[in-house]
Amino acid sequence: MIAGPLIRSLDRGATIFLTICAAATILIPALNLLTPESFFLHVPTYLVALFGKYVCYAILALSIDLIWGYCGILSLGHGAFFALGGYAMGMYLMRQIGTRGVYADPIRPDFMVFLNWPELPVYWYGFNYFAYAAVMILLVPGLLAFVFGWFAFRSRVTGVYLSIITQAMTFALTLAFFRNNFGFGGNNGLTDFKDILGFNVQAQATRASLFAASVIALAICFVICRAVVTSKFGKVLVAIRDAESRTRFLGYRVESYKLFVFTLSACMAGVAGALYVPQVGIINPSEFAPANSIEAVIWVAVGGRGTLTGAVLGAILVNYAKTTFTSGMLAPYWLFMLGAMFVLVTLFLPRGIIGTWRHWNAERQAKLSAAREDGAAVGEPTARPAE
Amino acid sequence: MESRTTTSLLYLDGVTVSFDGFRALNNLSLAIEDGEMRAIIGPNGAGKTTMMDVITGKTRPDLGDAVFAGSYDLTTLDETEIARLGIGRKFQKPTVFDMHSVEDNLLLALAEDRSARAALVWQENEHASRRIDSILDTIRLKPARSRLAGSLSHGQKQWLEIGMLLAQEPKLLLVDEPVAGMTDVETQQTAELLKEINKTKTVVVVEHDMHFVRELGVKVTCLHEGSVLAEGTIDQVSQNDRVVEVYLGR
Ligand SMILES: Nc1ncnc2c1ncn2[C@@H]1O[C@H](COP(=O)(O)OP(=O)(O)OP(=O)(O)O)[C@@H](O)[C@H]1O
Ligand SMILES: [Mg+2]
C-alpha cells in the first residue's frame, strides 16, 4: 500500500536528487573526517556546519513549497514552526547541560536560576529524554498548525488574508518568546549547549553526523512530499490551488485537504528547526521574526514554486549568496539585494529556476514531437502535476 | 406532457436572494420532477445562474425553501455536502483544472471516495480507467487525453466539463449555458448528448440559444427579474406576450 506510491513518485529528477543526497551524506563527512587538512578536497569543519545549516533551510523551503506550490497556501509564518521545532530541541540540549552550567544546577538551566525560579516549570518536564523531545519536535508545530488551520480553513480564509494572519501568528510568538517569564530564556534564548545524545555538540564527528542526519532528513521529507504530490491527493491539492470552489462543487472537502497538508508541512518545518539548532548552537526569539518567514518564501520563488527540487535549490543558492555577501563589504546591502532578487525573479523568471528550465524542456519536446508528426496539432505541453 | 406522480426531485419555493437590496431572485418557485429535463431561458440578469448558486449551496437565499429529493434542505448544506448528495454542476464560464491533463480532470470528477485519506492511498485501477475511457469516447476527447485542459479550445472545455459531470454520476445535473462558443455541429451534438444523459438522469439546462432549446424538445421555464415569467412548451413560451415583450425589450 505504501511501496506503490513511493515507487511511482520517483521520476528521473527525483532519483538524481536522492543520489546527490546519498553522495553528500557519505562524501562530505568522509572528506571532513578522514582526509588531512592538506588534501585538496578536504572539507573544513566550518563548511560542514555551514552546509548543514543550508540543508535545514532546504527542508524548510520544501515544507513551504508543499503548501504554497501545490495548494496555493502562502504561509508567511512558517518560520514559527521552524523555530518551535528548534526550541523543542533547544530544551533537550539545555537539560543535557546539567551541572556544567554557570550555576551548576543539576535540573534548572542557568537562566531559571538567574531569574530565581525555584523549580523547573511543568512544560520543561520530560525534555531530558531525547525521545520525548523528538515527539515534541513534531507535535508542537503540528498541533499549532492544526489548530490554526482548523479555524482558518474552516472560515475559508484564503489568499492574502491568510498570509497576513500567518505573519501575525509568528509576530505574536516573537513577542511571547522575548518575555523572560514565558520560560524559554527570553531575549537570550537557549544556548551554551554541551551534549547531544551523549556526544559533544562541538566535536568534529558530531558536526559531521548532524550534517549527515540533516541530509537524510531532507531526503525523507523529499520522498514524503513526492509521494503526496504525485498521489491523487496531490492532484486534488493542485485542483484546490487553481480552482478552489470548483473543487468543492465536485464534492471534495477542501478544508480537510488543506488541514492535512498544512499540518504535515509544519511538522517538516519543525524537524528542520530541530536539526538547525545544534548546528548553529543557539535558538532565540529572533528566529520567529516575520522577515525570516518571508525570506524562506523567496527561496522557494527563486528556485521554482511547485517544483520540489527547485525549493531545495533556491534555499541553498540564496543562502550561499547571503553567506558570500554578508561576509564582505556588501554586507549592509544584503536585504536590498534579496529584495532585488525577488523582484527580478518575479518579473523575468516567474517560474523560478527549475520551473523555467522544465518549461523550456517541455516546449522543446513539444516542438520536436510536432515536427515529427509534421503539422499535427499536438504542440501543447502535456500535463505534469509537478509544475 | 409528462405525467409523473413521484414527488419532485428538486423543489424551490418562494426563493428570494438580494444583493445589496437588488433582488436577483424574487419569490422564485420551481419544481423539477425525477427523470425530467428542463430548459431554463431568460434574458441576461434574469437570475438563472443565481438560481443554480442557490441549489448548489454557493449562495444562501434570504427567504424560501430549496429541497432536494423530498428530504434534504439545500439551504442548510454546503457545496461539498450538496455535491455528495448527487447534484453536479457545469458552470457558465467553463471551469476545468487548467494545469491538469484532460484525463486527470475526469479522474478528479470520478464518483469515488472523496476523503483525504482515500485520495492519499488511491491507486490506479481497472474500473477507473475504463470509466475514463468511456467518458472520453462520449465527449470525443480521446485524442486530447494527456493534453493540459488549459490548452483546450472553449468548446472542448465545455465538453470536458460535461464529461466531468458524467464522471460524477450525479442524480441531478445543472448545466449552465453548455453551447456558448460552440459551432452549429457541436451544438447539435451537445443536444444529443444531453438527451442521452437524460435517459438516466435529471437535467436542468440554462441556455440562450433558442435553436438548441427547441432541439431539446422539453418543458421550458422562462425567468425574468428573478421569478418565473412563463412555463410550457417552447412554442407556448415563445408566443407568450410577456416573454416576447421581455426579449424584444433587451
Ligand atoms: N454576487 C453578486 N453580487 C451582486 N450582484 C450579483 C451577484 N451575482 C449576481 N448578481 C446580479 O444578479 C443578477 C442575476 O444574475 P445571474 O448571473 O443570475 O443572471 P443570469 O440569468 O445567469 O444572466 P446571464 O444570462 O447573463 O448569465 C444580475 O443582475 C447580476 O448582476
Ligand atoms: Mg448566467
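The values are calculated or read from the model by the stated rules, or taken from the named source; none is laboratory data. Predicted, not measured: the structure shown is a model, and the values here were computed from it. For neighbour counting, all protein chains shown are included, and Cβ atoms are generated from backbone atoms with ideal geometry for every residue, glycine included. What goes into the accessible areas is simple: the full protein's heavy atoms, side chains included, and nothing from ligands, DNA or RNA. Shrake-Rupley method; radii C 1.70, N 1.55, O 1.52, S 1.80 Å.
Summary of values
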quantity: Test: residue in segment B:109-118 that is at the interface with chain A (Cβ under 9 Å from one of its Cβ atoms), in a helix (DSSP H, G or I) and crowded, with 16+ Cβ neighbours inside 10 Å; calculated: yes
quantity: Matching option when the condition is modelled with pLDDT of 85 or more, surrounded by 15 or more Cβ atoms within 10 Å (Cβ to Cβ), within 20 Å of the chain's Cα centre (by Cα) and part of a helix (DSSP H, G or I), among A:Ala296, A:Ala291; calculated: A:Ala296
quantity: Filter result (open to solvent by 10 Å² or more (accessible area, probe 1.4 Å), in contact with a Ser or Thr (Cβ under 7 Å, 6 or more places away or on another chain) and of a type in the set (Gly, Ala, Ser)) within segment B:41-92; calculated: B:Gly64, B:Gly70
quantity: Candidates A:Ala131, A:Ala152, A:Ala104, filtered to the one that is free of Cβ contacts under 8 Å to residues at least 24 places away in the same chain, of a type outside the set (Ser, Thr, Tyr) and assigned to a loop (DSSP other than H, G, I, E, B); calculated: A:Ala104
quantity: Test: residue in segment A:83-100 that is touching a residue at least 24 places away in the same chain (Cβ under 8 Å), at negative phi and surrounded by fewer than 16 Cβ atoms within 10 Å (Cβ to Cβ); calculated: yes
quantity: Restricting segment A:238-278 to residues that are part of a helix (DSSP H, G or I) and in contact with a Lys or Arg (Cβ under 6 Å, 6 or more places away or on another chain), the residue that is farthest from the other protein chains (Cβ to nearest Cβ); calculated: A:Glu255
quantity: Some residue of segment B:10-17 being at the interface with another protein chain (Cβ under 9 Å from one of its Cβ atoms) and crowded, with 20+ Cβ neighbours inside 10 Å; calculated: no
quantity: Of all residues in segment B:81-106 being aliphatic (A, V, I, L, M) and at the interface with chain A (Cβ under 7 Å from one of its Cβ atoms), the one that is nearest to A:Phe233 (Cα to Cα); calculated: B:Met99
quantity: Of all residues in segment B:41-78 being within 10 Å of ligand 2 (Cβ to nearest atom) and outside any loop (DSSP other than H, G, I, E, B), the one that is farthest from the other protein chains (Cβ to nearest Cβ); calculated: B:Lys48
quantity: Number of the exception - A:Asp65 against (1) within 30 Å of B:Asp98 (Cβ to Cβ); (2) without any contact (Cβ under 8 Å) to a residue 40 or more places away in the chain; (3) of a type in the set (Asp, Glu); calculated: (2)
quantity: Single unsatisfied condition, B:Leu25 versus (1) part of a loop (DSSP other than H, G, I, E, B); (2) within 14 Å of ligand 1 (Cβ to nearest atom); calculated: (1)
quantity: Hey, A:Asp105 open to solvent by less than 30 Å² (accessible area, probe 1.4 Å) and more than 21 Å from A:Leu173 (Cα to Cα) or not; calculated: yes
quantity: Residue ID - nearest to B:Asp104 (Cα to Cα), chosen from residues in segment A:222-237 that are more than 9 Å from chain B (Cβ to nearest Cβ) and open to solvent by 10 Å² or more (accessible area, probe 1.4 Å); calculated: A:Thr230
quantity: Residues located in segment B:203-219, provided they are open to solvent by less than 40 Å² (accessible area, probe 1.4 Å) and within 16 Å of ligand 2 (Cβ to nearest atom); calculated: B:Val204, B:Val205, B:Val206, B:Glu207, B:Phe212, B:Val213
quantity: Given (1) among the polar types (S, T, N, Q); (2) more than 14 Å from every other protein chain (Cβ to nearest Cβ); (3) assigned to a helix (DSSP H, G or I), number of the condition A:Gln202 does not satisfy; calculated: (3)
quantity: Residue in segment B:79-90 that is within 16 Å of ligand 2 (Cβ to nearest atom), in a loop (DSSP other than H, G, I, E, B) and out of contact with any Phe, Trp or Tyr (no Cβ under 9 Å at 6 or more places or on another chain) present; calculated: no
quantity: Residue count for segment B:153-171, restricted to those that are within 13 Å of another protein chain (Cβ to nearest Cβ), more than 16 Å from ligand 2 (Cβ to nearest atom) and either farther than 25 Å from B:Gly70 by Cβ or of a type in the set (A, V, I, L, M, F, W, C) (or both); calculated: 9
quantity: Residues (of a type in the set (D, E, K, R) and buried (at least 17 other Cβ atoms within 10 Å of the Cβ)) located in segment B:24-40; calculated: B:Glu33, B:Glu36, B:Arg38
quantity: Unmet requirement for B:Ala31, which otherwise passes all of (1) within 14 Å of chain A (Cβ to nearest Cβ); (2) away from ligand 2 (no atom under 16 Å from the Cβ); calculated: (1)
quantity: Filter result for B:Asp104 (surrounded by fewer than 17 Cβ atoms within 10 Å (Cβ to Cβ) and away from ligand 1 (no atom under 16 Å from the Cβ)); calculated: no
quantity: Filter result for B:Leu148 (over 29 Å from B:Leu12 (Cα atoms) and touching a residue at least 40 places away in the same chain (Cβ under 8 Å)); calculated: yes
quantity: Filter result for A:Phe211 (closer than 30 Å to A:Val312 by Cβ, surrounded by fewer than 23 Cβ atoms within 10 Å (Cβ to Cβ) and modelled with pLDDT of 95 or more); calculated: no
quantity: In segment B:121-149, the residues that are open to solvent by less than 50 Å² (accessible area, probe 1.4 Å) and within 9 Å of chain A (Cβ to nearest Cβ); calculated: B:Trp122, B:Ala144, B:Arg147, B:Leu148, B:Ala149
quantity: Residue count, segment B:172-202 (criterion: within 14 Å of B:Leu216 (Cβ to Cβ), within 16 Å of ligand 1 (Cβ to nearest atom), in contact (Cβ under 8 Å) with a residue 40 or more places away in the chain and crowded, with 23+ Cβ neighbours inside 10 Å); calculated: 2
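Okay, residues lined up against (1) touching an Asp or Glu at 6+ places or on another chain (Cβ under 7 Å); (2) of a type in the set (Val, Ile, Thr):
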| site | (1), (2) |
| --- | --- |
| A:Leu93 | no, no |
| A:Gln96 | yes, no |
| A:Tyr103 | yes, no |
| A:Pro106 | no, no |
| A:Val113 | yes, yes |
| A:Tyr123 | no, no |
| A:Ala133 | no, no |
| A:Pro141 | no, no |
| A:Ala145 | no, no |
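Residues are listed down the side, and each one gets a yes or a no for (1) within 16 Å of ligand 1 (Cβ to nearest atom); (2) in contact (Cβ under 8 Å) with a residue 60 or more places away in the chain:
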| residue | (1), (2) |
| --- | --- |
| B:Thr7 | no, yes |
| B:Asp13 | no, no |
| B:Ala39 | yes, yes |
| B:Val67 | no, no |
| B:Leu77 | no, no |
| B:Ala83 | no, yes |
